[in-house]
1. Kindly state, to the nearest 0.05, the FRET efficiency for Arg301 paired with Ala5, given R0 = 41 Å and r defined as their beta-carbon distance.
2. What residues qualify as long-range amide H neighbours of Ser540, i.e. H under 5 Å apart, gap of 5 or more or another chain, H built at 1.01 Å from N?
3. Out of every Cα-Cα pair in the range 12-248, what percent are more than 27 Å apart?
4. What's the ranking of 214-222, 522-530, 97-105 by average number of surrounding C-beta atoms within 10 Å, highest first?
5. Let me spell out the model: positive unit charges on the Cβ of Lys and Arg, negative unit charges on the Cβ of Asp and Glu, origin at the Cα centre of the chain. What dipole size does that give, in debye rounded to 20?
6. Take peptides 400-410, 130-140, 35-45, 493-503 and line them up by average Cβ neighbours within 10 Å, highest first, as a rough protection proxy.
7. Hey, rough spin-label estimate for Leu139 and Leu156, points 7 angstrom out along Cα→Cβ, what's it come to in nanometres?
8. List every residue whose amide H lies under 5 Å from the amide H of Ile138, counting only residues 5 or more places away in sequence or on a different chain, with H placed 1.01 Å from N in the peptide plane.
Amino acid sequence: MTFSALFIQLLNGLAGASSLFLLAAGLSLIFGVTRIVNFAHGSFMMLVAYLAYSLIGRLGGSGVGYWGAVLLAALGVGSLGALVEATLLRRLYRAPELLQLIATFGIVLIMGDAVLHIWGAEDLLGPRAPGLQGTVSILGRAVPQYDLFLIACGPLVWLSIVFLLRRTRWGLLVRAASQDRVMTAALGVDQARLFSGVFFVGTMLAGLAGALQLPREPANLNIDLAVIADAFVVTVAGGLGSISGAFIAALIIGVVKALCIGVGEITLFGMTLALSKLTLVVEFMVMAIVLIVRPWGLLGRPPPASPGIELRELQQPPGRRFAFGVAAGLLLLVATGFVADEYTLVLLTEIAVFALFALSLQLLMGTGGMASFGHAAFLGSGAYAAALASRVLPMGWALLIAPLVAGALALFCGWFCVRLSGVYLAMLTLAFAQIVWSIVWQSDAVTGGSNGLVGIWPPAWLSSPQAYYLLCLALVAATILLLWRVSFSTFGYALRAARDSPLRAAACGIDVRRVRWVAFALAGAFAGFAGALYVYAKGSIAPEILAIPRSIDGLVIVLLGGLQALSGPLVGAAAFIGLQDTVARHTEYWRAFVGAAILAITLAFPAGIVGTLKHWLRRERT
């Protein structure tokens with residue numbers, strides 16, 4: 001590629017980096033003050049893209065009408081963001097970060113179906129911006145004027161935010177709240193108004209990014225989840241709460257992605273590397289490298305070490321009453337296998353598989369205190385390992401190979417991940433998951449690429465839904481009992497000690513990093529076994545099993561059931577999948593109903609279904 005073509009590609013990457021920075025700046029501002037991991041940030045961007053499209057149609061595509069529509073759309077969604085904060089999220093400020101994440105995911109589902117209902121499923125490409133419709137000749141090549149406009153927008157917005165934060169009283173209060181919210185409140189600052197203002201500015205920036213991107217990319221229903229991952233990457237790589245860090249990270253990612261596209265391929269040591277294939281995950285690779293070298297991001301600050309103990313209820317091994325309940329439930333499920341119809345058996349099989357998947361995630365999150373946004377990588381790697389092994393080996397060997405492959409992958413990823421904590425750890429797991437997804441998606445010769453693999457069925461004696469359900473139930477029950485045993489073993493208590501007070505655990509002789517690393521590998525292996533059972537239940541496998549929504553499903557199931565409840569994942573899987581199936585059969589807007597149910601449960605039952613029931617029972621006894 002010539003220098004001029006590479007330079008033009010670089011300009012295109014800088015234009016994309018500016019749009020990405022606008023989105024990430026709002027997310028970073030919101031997290032820096034409120035500490036909410038706002039998964040709905042991409043949904044606000046999507047909503048503005050559709051709203052701007054409609055307003056431009058009404059106000060006209062002239063200069064005043066077009067730019068007035070862009071401004072009105074951004075201000076309107078900013079106001080909506082402040083309203084969501086005041087009515088919903090304000091109730092969750094004292095809740096764990098993961099519960100806040102699940103609540104905002106419920107908002108994602110609701111807003112997605114609201115947009116579908118109002119604007120339909122078709123992509124909507126906005127008109128070209130007035131006054132910026134031409135091109136400029138640079139190095140003999142035509143460059144769109146609008147791309148140059150976007151390149152200028154990024155630094156201007158960055159400087160404006162820096163000025164707002166450093167030279168205004170509102171910015172002083174925002175910086176104070178981001179440093180110490182308790183002290184800020186003690187000094188008489190109205191935090192409710194401050195947080196609403198921060199949400200207004202943050203969501204308005206997301207809206208501005210969506211409106212400005214409309215002439216380049218059509219408004220579509222996939223924007224929300226597509227951009228939120230990139231926004232999280234920029235925010236975390238730059239350092240949580242650092243606007244300047246987000247700006248630098250967006251520039252780095254935009255330039256690296258442009259170079260991958262522009263260079264195409266390179267030859268090293270006689271091997272040809274197709275850099276263009278890295279564009280799907282290059283931002284996650286950049287973030288992974290940054291977090292491995294600098295665990296708190298480019299311009300972030302390391303969190304202060306806390307020697308104190310986080311007080312939690314001591315979990316005792318389950319007693320006879322719990323064992324009798326489990327035995328009775330298992331007998332009921334076995335009896336159901338002989339009387340239920342095929343559809344119910346397929347549904348119960350899926351619930352059992354995802355209960356095991358969620359329980360493996362609970363070992364990380366509940367017992368180990370390690371949040372993961374990419375646990376589907378191990379579910380999917382186990383599924384693909386079983387699918388590929390089934391071509392040459394019997395089903396029994398495939399079921400054995402799957403957890404070994406997934407466990408080995410988790411062992412590798414965990415070596416890097418367990419060095420981190422909090423959101424940084426969760427985002428690094430997301431980075432590894434996206435890299436694995438990209439490899440599977442682009443390896444057509446091995447994994448079938450986007451088409452996946454089909455024709456993966458159990459042997460003839462297990463071909464009926466009843467037979468496979470009973471086998472799956474037996475295997476899942478045995479594996480869950482093993483997981484519970486691990487959770488209440490000496491290793492399980494060491495893992496809890498590392499979760500609650502790492503410094504004191506280390507002083508007692510516990511190798512905290514090693515314990516967490518082993519737990520990471522075990523959780524990955526159990527998730528891989530669930531993936532193997534899943535692929536034989538479905539008869540096929542596709543890369544979607546490795547995607548972000550599948551990891552979010554696992555988080556939702558765990559938190560709905562109860563993060564610290566032993567049977568929480570079982571109840572959560574039944575509630576989540578059962579709700580999805582019931583609502584989806586009656587309306588195409590089933591995601592909105594599921595999202596509303598998630599919001600209701602997180603607001604009314606923050607301890608989860610099982611945790612809340614246990615609390616009620618204790619209160620009745622006293």
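What follows is calculated from the coordinates using simple rules that are stated; it is not laboratory data. Note that the structure is predicted; figures quoted are calculated from it, not measured. No Cβ is skipped: glycine too gets one built from the backbone with ideal geometry, and neighbour counts run over all protein chains shown.
1. The calculated FRET efficiency here is 0.50.
2. Ile456
3. Here the long-distance tail beyond 27 Å is 33 percent of all Cα pairs in the range 12-248.
4. Order by mean packing, descending: 522-530, 97-105, 214-222.
5. For this selection, approximately 1740 debye.
6. Taking the mean over residues of other Cβ atoms within 10 Å, the ranking is 35-45, 400-410, 493-503, 130-140.
7. Simple spin-label model gives 2.5 nm for this pair.
8. Val143
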